[in-house]
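Below is one structure; the comments refer to it alone.
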Amino acid sequence: MRVTIKLGGTILEEEESRREIVRQLAEAIHSRNEIIVVHGGGRSITRRLEQMGIPSRFARGLRITDRETLAVALMVLAGEVNKNLVRTLGSAGVRAVGICGADADCVRCERMPPPAEDMEDLGFVGVPDRVDRDFFEALLSSGLTPVVASLALGPDRQLYNVNADQMASTIAWGTGSGSLVYLTDVPGVLDGAGEVIDHLGSPEIADMLRNGLLTGGMLPKTSACLDAIRHGVGTVRILPGRTPGLLSRFLRGQPAGGTQIHGEG
């Protein structure tokens, strides 16, 4: 089974959560699953920007990225976060390869326009739109596990910061993954009473958007989930990454909680 798994930057910063997730990933890979890992690192970027006296700005859950911010994102995502994750996976016996979308042009993007007419330009933020499936096939067939940082090149050869949820979605459908899993620091998509919604379709997501129930990082995440469904990914699920064993349960076809996203209501 081929699965694309997006790891939230927040849970990667917590050593106990990170090691538990790596344990489950190693178990899945050693059980002959083909795993593609995509990771974020937003909080690490924000912290590094604060240290440099650079403010962080967002629009609809997306980071506004000027040249200074892009340089920090490259350093943090493709460097610190990516290589630390590769190192931890290696300690669990996984032959992991740390890359970003710019490596071998494996993921390409277009510059993202402002989310709305009344919003400022997002800067160097890209929308992923093409995946070199042969590149990922070559890695996976060699027994290597791709660990992908969310940066990609545009047609102008400019490097762009890409939302990691969107990156994971595009890689999932672009590589023919049967499942896409988001491991997050929340238990799933929550309703107005704060309860986890087991199943969520596109009509319900539209209603929640109108009622202001989806905000911040959940905006690009739910949009990315629906994009994966539209492109043929069979199963898309948002899981709480801090709960031990949930990823393993999901990969074994057992109840795992969280929120499953589907196209119809």
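For residues that are among the hydrophobic types (A, V, I, L, M, F, W, C) and surrounded by fewer than 18 Cβ atoms within 10 Å (Cβ to Cβ), tally how many sit in the stretch 140-157.
Initial filter on the stretch 140-157 (among the hydrophobic types (A, V, I, L, M, F, W, C)): 140, 144, 147-149, 151-153.
If we keep only those that are surrounded by fewer than 18 Cβ atoms within 10 Å (Cβ to Cβ) as well, we get 140, 144.
So the answer is 2.
On the given criteria, is GLN51 of a type in the set (S, T, N, Q), without any contact (Cβ under 8 Å) to a residue 12 or more places away in the chain and over 19 Å from LEU151 (Cβ atoms)?
Details: of a type in the set (S, T, N, Q): yes; without any contact (Cβ under 8 Å) to a residue 12 or more places away in the chain: yes; over 19 Å from LEU151 (Cβ atoms): yes.
Taking the combined requirement at face value, the residue satisfies it.
Criterion first (in contact (Cβ under 8 Å) with a residue 12 or more places away in the chain, over 19 Å from VAL186 (Cβ atoms) and either surrounded by 20 or more Cβ atoms within 10 Å (Cβ to Cβ) or in contact with a strand residue (DSSP E or B) (Cβ under 7 Å, 6 or more places away or on another chain) (or both)) does ARG108 satisfy it? It would help to see each step written out before you state the result.
Values: in contact (Cβ under 8 Å) with a residue 12 or more places away in the chain: yes; over 19 Å from VAL186 (Cβ atoms): yes; either surrounded by 20 or more Cβ atoms within 10 Å (Cβ to Cβ) or in contact with a strand residue (DSSP E or B) (Cβ under 7 Å, 6 or more places away or on another chain) (or both): yes.
Judged against the criteria, ARG108 is a match.
Assigned to a helix (DSSP H, G or I), under 22 Å from LEU85 (Cα atoms) and at pLDDT 90 or above - does that describe any residue in the stretch 250-264? Show your work before the answer.
To start, the set of residues in the stretch 250-264 that are assigned to a helix (DSSP H, G or I) comprises 250-251.
Restricting the remaining residues to those that are under 22 Å from LEU85 (Cα atoms) gives 250-251.
Among the residues that remain, those that are also at pLDDT 90 or above are: 250-251.
For the stretch 250-264, residues assigned to a helix (DSSP H, G or I), under 22 Å from LEU85 (Cα atoms) and at pLDDT 90 or above: present.
So ASP156 ticks every box in (1) within 23 Å of ALA104 (Cα to Cα); (2) in a helix (DSSP H, G or I) but one. Which box is left unticked?
Condition not satisfied by ASP156: (2).
In the stretch 172-188, what count of residues is obtained for those that are in contact with a Leu (Cβ under 9 Å, 6 or more places away or on another chain) and in a helix (DSSP H, G or I)? Working first, answer last.
So in the stretch 172-188, the residues in contact with a Leu (Cβ under 9 Å, 6 or more places away or on another chain) come out as 172-173, 175, 179, 181-184, 187-188.
Now restrict to residues that are in a helix (DSSP H, G or I): 172-173.
Counting residues in the stretch 172-188 that are in contact with a Leu (Cβ under 9 Å, 6 or more places away or on another chain) and in a helix (DSSP H, G or I) gives 2.
Might you check whether a residue that is over 30 Å from LEU70 (Cα atoms), in contact with an Asp or Glu (Cβ under 8 Å, 6 or more places away or on another chain) and loosely packed, with under 15 Cβ neighbours inside 10 Å occurs anywhere in the stretch 196-210?
yes
Kindly indicate whether any position in the stretch 117-130 is farther than 25 Å from GLU20 by Cβ, without any contact (Cβ under 8 Å) to a residue 40 or more places away in the chain, in a strand (DSSP E or B) and not hydrophobic (A, V, I, L, M, F, W, C).
Yes, the conditions are met somewhere in the stretch 117-130.
Taking the stretch 77-102 only, how many residues are touching a strand residue (DSSP E or B) at 6+ places or on another chain (Cβ under 6 Å), part of a loop (DSSP other than H, G, I, E, B) and in contact (Cβ under 8 Å) with a residue 60 or more places away in the chain?
Residues in the stretch 77-102 being touching a strand residue (DSSP E or B) at 6+ places or on another chain (Cβ under 6 Å), part of a loop (DSSP other than H, G, I, E, B) and in contact (Cβ under 8 Å) with a residue 60 or more places away in the chain: 2 in total.
Would you confirm whether any residue within the stretch 29-47 is of a type in the set (Asp, Glu) and surrounded by fewer than 21 Cβ atoms within 10 Å (Cβ to Cβ)? Break it down into steps so the answer makes sense when it comes.
Quick first cut of the stretch 29-47, residues of a type in the set (Asp, Glu) only: 34.
Among the residues that remain, those that are also surrounded by fewer than 21 Cβ atoms within 10 Å (Cβ to Cβ) are: none.
No, the stretch 29-47 contains no residue that is of a type in the set (Asp, Glu) and surrounded by fewer than 21 Cβ atoms within 10 Å (Cβ to Cβ).
Of the residues ILE21, ILE11, ILE29, which single one is in contact (Cβ under 8 Å) with a residue 60 or more places away in the chain, more than 21 Å from THR170 (Cα to Cα), over 17 Å from the mean Cα position of the chain (by Cα) and in a helix (DSSP H, G or I)?
Details: ILE21 fails: over 17 Å from the mean Cα position of the chain (by Cα); ILE11 fails: over 17 Å from the mean Cα position of the chain (by Cα).
Of ILE21, ILE11, ILE29, the one residue that is in contact (Cβ under 8 Å) with a residue 60 or more places away in the chain, more than 21 Å from THR170 (Cα to Cα), over 17 Å from the mean Cα position of the chain (by Cα) and in a helix (DSSP H, G or I) is ILE29.
Could you check the stretch 235-263 and list, in sequence order, the residues that are more than 17 Å from the chain's Cα centre (by Cα) and either surrounded by fewer than 16 Cβ atoms within 10 Å (Cβ to Cβ) or more than 13 Å from GLY188 (Cα to Cα) (or both)?
To start, the set of residues in the stretch 235-263 that are more than 17 Å from the chain's Cα centre (by Cα) comprises 243-246, 248-257, 262-263.
Across the stretch 235-263, the qualifying residues are PRO244, GLY245, SER248, ARG249, PHE250, LEU251, ARG252, GLY253, GLN254, PRO255, HIS262, GLY263.
Residues of the stretch 158-191 being among the hydrophobic types (A, V, I, L, M, F, W, C), under 15 Å from MET218 (Cβ atoms) and surrounded by 24 or more Cβ atoms within 10 Å (Cβ to Cβ), which ones? Please lay out each step first, then the result.
Going through the stretch 158-191, the residues among the hydrophobic types (A, V, I, L, M, F, W, C) turn out to be 159, 162, 164, 167-168, 171-173, 180-181, 183, 186, 189-190.
Narrowing further to those that are under 15 Å from MET218 (Cβ atoms): 164, 168, 183, 186, 189-190.
Across the stretch 158-191, the qualifying residues are ALA164, ALA168, LEU183, VAL189.
Among residues belonging to the stretch 35-52 that are within 14 Å of LEU12 (Cβ to Cβ) and assigned to a loop (DSSP other than H, G, I, E, B), point out the one that is modelled with the highest pLDDT.
Restricting to residues being within 14 Å of LEU12 (Cβ to Cβ) and assigned to a loop (DSSP other than H, G, I, E, B), the top hit is GLY41.
The values are calculated or read from the model by the stated rules, or taken from the named source; none is laboratory data. If you're wondering where the values come from, they're calculated on a predicted model, not measured in any experiment. So basically every Cβ, Gly included, is an ideal-geometry build from the backbone, and we count neighbours across all protein chains shown.
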